[in-house]
1. Can you pick out the pairs among Lys22/Lys86; Lys57/Lys127; Lys122/Lys162 whose Cα atoms lie more than 21 Å from each other?
2. Once every DSSP H run of n ≥ 4 in the chain is given -39500 (n - 2.57) and the sum is divided by its residues, what mean residue ellipticity at 222 nm do you get, rounded to the nearest 500 deg cm²/dmol?
3. With +1 on each Lys and Arg Cβ and -1 on each Asp and Glu Cβ, how big is the dipole of the chain about its Cα centre, in debye rounded to the nearest 20?
4. Would you tell me the accessible area of Phe34, worked out with a 1.4 angstrom probe on the heavy atoms of the protein chains, in Å² to the nearest 10?
5. If the reach is capped at under 16 angstrom between alpha carbons, list the aspartates and glutamates near Lys140, excluding any in the same chain fewer than eight residues apart.
6. If the elastic network links every pair of Cα atoms under 10 Å, which of Arg107, Arg49, Arg170 fluctuates the most in the Gaussian network model of the chain?
7. Determine the distance separating the Cα centre of the stretch 68-122 from the Cα centre of the stretch 149-193; give it in Å without decimals.
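The values are calculated or read from the model by the stated rules, or taken from the named source; none is laboratory data. Not measured: the values here are computed from a predicted model. In this analysis, Cβ positions are derived from the backbone assuming ideal geometry, glycine residues included, and neighbour counts consider all displayed protein chains. Surface areas here come from the heavy atoms of the whole protein model, side chains and all, with no ligands, DNA or RNA. Shrake-Rupley method; radii C 1.70, N 1.55, O 1.52, S 1.80 Å.
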Amino acid sequence: MEKDNLKEYKNKRNFNNTTEPKGKKIKRNDVLIFVIQKHDATNLHYDFRIEVDGVLKSWAIPKGPSTDPSQRRLAMPTEDHPFEYKDFEGVISKNNYGAGEVIIWDRGTYYNLKENNSPTIKESLEKGHVTIFLEGEKLKGGYALIRTSKGKDERWILVKMKDDYADARRNPTSTENKSVISGKTIDDLKEES
């Protein structure tokens, strides 16, 4: 019997009352995707999602990703999201889990920085240390996700690796507020709803 990686995601949502995707089995290809959604729910944060085994492994990053290797960003794991969530932008209506505005802040492809994909991303997640290379519209270069605590208070950090794309002077979460697909900001969505 196949495990439903999206059970927690589905249990938290009423699909009669939200436009979020329900999720279905996808046909995989060799290119892995990532998406970062800026989400103004209870608190403004960035949802960092990487494709692993047909679902989006997800972390909420309160301050958003940085291009400065000296900055460590708290990354709180959230439930796996369906692959189709990579295209979700809009407003999650009131009285729904995660109610608030969501834009696609960045997106692109990524690959494992481990030589010969060993260990795999899935194995690296289990070990608590993932190194990936992002090829996004706003973010590029190496990033490390490192688990700092386990259990019900599991926490990770996201750190920009030192490479040609590292830039301590750049602050994309402050200066680059528009969606990469619609050009809209969170405030634009608020005005529309």
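1. Correct reply: Lys122/Lys162.
2. Value at 222 nm, helices only, nearest 500: -2500 deg cm²/dmol.
3. Once rounded to the nearest 20, the dipole reads 480 debye.
4. Estimated to the nearest 10 Å², Phe34 gives 0 Å².
5. Asp68, Asp106, Asp163, Asp164, Asp167, Glu176
6. Arg170
7. With the stretch 68-122 and the stretch 149-193 each reduced to a Cα centre, they are spaced 10 Å.
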